[in-house]
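What follows draws every value from the coordinates through simple rules; no lab data is involved. Everything quoted here is computed from the prediction, not taken from an experiment. For neighbour counting, all protein chains shown are included, and Cβ atoms are generated from backbone atoms with ideal geometry for every residue, glycine included.
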């Protein structure tokens with residue numbers, strides 16, 4: 001856990017540039033979504049506000065922290081809240097005249113976001129790989145431009161393989177929740193969340209070596225992608241538990257932001273920022289574990305090497321200071 005953290009901190013410029021792109025893209029997608037589903041979003045926000053959903057969540061967390069949580073009272077309030085939300089949501093008019101078209105447009109926007117949000121992954125990983133192998137760093141934009149072909153091939157492969165799995169996890173967990181909700185009432189959500197987190201972490205772990213493999217191996221992107229899929233299984237547990245810790249941090253931070261930040265725009269920005277930072281850390285974990293698997297020596301912090309550009313610049317600054 002320490003080496004990936006140091007690696008991430010030494011490459012904070014890469015992190016900032018990636019986050020700026022991802023936040024800009026998120027803003028554009030949210031603007032596009034609001035343009036298409038603006039009235040629907042307003043209606044949903046109104047329903048949430050009118051039914052005091054945020055107050056219910058905040059009161060529940062406070063009661064747990066104060067030690068006076070009453071499960072029977074919580075179950076009764078939750079059941080009443082769900083009933084109110086069902087009635088209120090049923091009155092909302094969907095855009096474009098029906099559910100099907102709304103779902104289709106939402107899915108298209110989501111897929112476009114998933115495609116474009118990963119466009120900096122290869123450039124960021126290339127800078128991490130260069131730092132780890134030579135302790136050097138070239139401009140981020142240089143990698144973005146040079147690696148466009150590799151980037152699009154990797155993004156398309158990742159989306160084609162990972163997106164259906166993510167959809168199956170989401171649909172399966174929602175189906176599990178609906179199936180057992182009547183029998184076990186409100187607390188069904190607890191095992192459902194745990195199962196969803198574990199399955200998502202397994203998915204992330206299974207694809208953990210695909211990006212490092214594509215970046216570190218010359219030649220066919222598809223072959224490198226397959227190589228990464230196969231090799232990730234050989235170091236599965238080492239990556240799994242680290243990824244599990246990070247995903248749990250993502251979940252906890254997201255829940256806290258949803259409960260204690262009132263403004264929807266600020267809530268989305270803060271939640272996304274935290275998750276983008278943690279996803280960058282996962283990239284560093286994957287790079288470190290991939291190098292360890294290949295028994296390749298690597299730098300994880302800055303080292304002064306005589307003859308390198310950084311060393312020469314530092315010596316020049318020292319000479320001027322004298």
Q. For the stretch 187-241 and the stretch 252-282, what is the separation of their C-alpha centers, rounded to whole Å?
A. 23 Å
Q) Of the peptides 252-261, 208-217, how do they stack up when ordered by the mean number of other Cβ atoms within 10 Å, highest first? A) 208-217, 252-261
Q. Taking the highest mean first, how do the peptides 129-140, 291-302 order by number of other beta carbon atoms within 10 angstrom per residue?
A. 129-140, 291-302
Q: Give, as ranges by residue number, the residues of the stretch 263-288 whose backbone N falls under 19 Å from the point 7 Å along Cα→Cβ of residue 28.
A: 269, 272-273, 276
Q.
Which order do the peptides 165-171, 273-279, 143-149 come out in when sorted by mean C-beta neighbours inside 10 angstrom, highest first?
A. 273-279, 143-149, 165-171
